1. If you take the residues in segment 245-266 that are at pLDDT 95 or above and assigned to a loop (DSSP other than H, G, I, E, B), which one is nearest to residue 148 (Cα to Cα)?
2. Can you tell me which residue among 25, 63 is under 25 Å from residue 237 (Cβ atoms), in a helix (DSSP H, G or I) and modelled with pLDDT of 95 or more?
3. Anything in segment 241-264 that is of a type in the set (Phe, Trp, Tyr) and under 13 Å from residue 32 (Cα atoms)? List them, or say none.
4. Of all residues in segment 436-463, which are closer than 21 Å to residue 210 by Cβ and among the aliphatic types (A, V, I, L, M)?
5. Mind checking which residues of segment 303-328 are among the hydrophobic types (A, V, I, L, M, F, W, C), farther than 13 Å from residue 366 by Cα and open to solvent by 80 Å² or more (accessible area, probe 1.4 Å)?
6. Are any residues in segment 162-196 open to solvent by less than 30 Å² (accessible area, probe 1.4 Å) and within 20 Å of residue 52 (Cβ to Cβ), and if so, which ones?
7. What residue, among those in segment 30-60 that are charged (D, E, K, R) and part of a strand (DSSP E or B), is farthest from the chain's Cα centre (by Cα)?
8. Aliphatic (A, V, I, L, M) and modelled with pLDDT of 90 or more: which single residue out of 492, 472 fits that description?
Amino acid sequence: MATKINPADFKIKIDNLYSYFERGKDLYGDHTLYRFNKNKDEEVSVSYKEMFNLITDMALAFKKLGMAGKKVILLGETSVQWISSYLATVASDGVIVPIDPLLLEEQIIEFTKFADASFVVCSHKFEHIFKEHESEIPNVEKVIATDRTTFTLCPEGEYVDEKFTTYNNVLALGKSIANSGELSLDMENHDARKLGILLFTSGTTGSSKGVMLCERNICAVLEGIYPLLAGLTMQDSVMSVLPIYHTYEMSAGILAPMLYGMTITISDGIKYVGKNIKQFKPTVMTLVPLFANQLYKTIQKNVQKQGKEKTLATGIKLSNFLLKLHIDVRKKLFGEVLQGLGGNMKAFVVGGAALNSQIAEGFESFGIRVRQGYGITECAPLISVVPIHEKNNPTSCGKLMPGMQIRIDKEKEEDTFGEIVVKGENVMLGYYKNEEETAKVLSEDGWFKTGDYGYVDKDGYIYITGRKKNVIVLQGGKNVFPEEIEEYLENIPVIEEVVVIGDENKETGVVSVVALIYPNAEECEKLGLADKSAIEAHLHEKVQEINKRLASYKHITRVELRDEPFEKTTSRKIKRHTIKKN
């Protein structure tokens, strides 16, 4: 049964991110905060106390180097050096600018120029970019290279003042300052409401928007999520697998677990997630839907290989019956499935897009709680989440975070949905160098237009019906949300990826609902679908079954097969704006 928890009993006040890590040090001390592989065979642990001291030393070094008021590019994969550089920058009154490590070289330089950056902290493999383009970025004063394999909490030697230097060299400077007392961090006069974090949305410098956040935005999210995570403890651990430059991973995957003294294990990379799950045995993971889908499909494939589909189905039916009698035997019945996920997995927190409800229910059948959240970078990023201690609601993205307000702006009074508009201390300061775009979405009194359509039920649960810019408007004025139809199609095994679009006939003006599909080759082979025509015939039959469950105006009128997967962002979202029909 769900644990009875009163959210009012869980209140916390966070002044700034530095004090947040100080809280972690005071409460959890020598308990492990991070675990990661320094080399293939060398696992490293960093405690809450050690991480606080590391941030302090780096912040003192950054202050000495003159980072206050200046922008710092942060480029690389998830690591203790990345996290400590992020925190040390804002603690020393600088502005951190995390950017996508998968950008092209010329894009990295363009973002560096557009952000007016004076410093760069990057993984050592990116250092050459800033050397080769040095003349194009004359404002960059120093480039600090990090390297997980050479990382040490206590670097030896004295600081050497060079433009191109290393993390360990700068850390040595910070330690010498801390030991001498030459400088201190003046957190009493630290302004947590000024620009502290600059995040770029997907795209090039021409199409991307720079979201300006302050520390107060992030702290408001942490304060709001505190009661929603009640029930987690120091014995829990979360594994970080998503790109850390996204505020979703930084807020939900890196910072939020510290509220309850959890350990954060850092994956070696997307290719090693399976191996790392077995090594670190996490109890919680923050995921995007595509990742959750892949994990679920892997479980299904393993069950099929062993010929245990009927055994599993029978087990689920038995388990669901016993749960109604408050008897939980899921660990015993599905032990083999759970071992494939490390053996300790308790919950997935899924955000970034809607998760197929059948997959959410499937994981719940195995005893893994799935809690969906809803957010946007401009809200640092959390707006709502299903509390981890409450019964799951697989079709909702949760309840509004404490401290926020929400309204639904309907185009017509009789509409059942409208644009979701929110207000709270987590809402951004605005867009960097873009007052015009800021004015379009952010009112003077702080209400932010999310661009998402949805509604709120009587119990306060929020439902997303679709993205405003994706909605298909039919000739008769009816609205079709692609996301709704895609959820039906995703349940067809031969479909690997799908995007639903509206296709307008230029002569008649009639808009048709079209499904663009990238088929799953393995499933097609299994069913004996040898060529394109066989796949199309199979899909036609399945689509007709789905159409019977949809309102007539939502019917899929055509299917088009793709030869290649859809282009995706580094957070594994399909780039809809790049999609072209065959």
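The values are calculated or read from the model by the stated rules, or taken from the named source; none is laboratory data. Please read these numbers as outputs of a predicted model, since none were measured by experiment. Backbone-built Cβ (ideal geometry, glycine too); neighbour counts: all protein chains shown. In case anyone asks, the SASA skips ligands and DNA or RNA and just uses the protein heavy atoms, side chains included. Shrake-Rupley method; radii C 1.70, N 1.55, O 1.52, S 1.80 Å.
1. That would be 262.
2. Working: 63 fails: under 25 Å from residue 237 (Cβ atoms).
Matching residue, one of 25, 63: 25.
3. Of the residues in segment 241-264, the ones of a type in the set (Phe, Trp, Tyr) are 245, 248, 260.
The answer is 260, and nothing else.
4. Listed by number, the residues that qualify are 439, 441, 442.
5. 321, 325
6. Our first condition is that a residue be open to solvent by less than 30 Å² (accessible area, probe 1.4 Å); within segment 162-196, this holds for 165, 167, 169-174, 177, 190, 192, 196.
Once the filter is applied, which keeps residues that are open to solvent by less than 30 Å² (accessible area, probe 1.4 Å) and within 20 Å of residue 52 (Cβ to Cβ), segment 162-196 yields 167, 170, 171, 172, 173, 174, 177, 190, 192, 196.
7. We begin by selecting, within segment 30-60, every residue charged (D, E, K, R); these are 30, 35, 38, 40-43, 49-50, 57.
Imposing the further condition that a residue be part of a strand (DSSP E or B) reduces the set to 35, 38, 42-43.
Values: 35: 20, 38: 24, 42: 28, 43: 25 Å.
Filtering first and then ranking leaves 42.
8. Details: 472 fails: modelled with pLDDT of 90 or more.
None of the others qualify; the one that does is 492.
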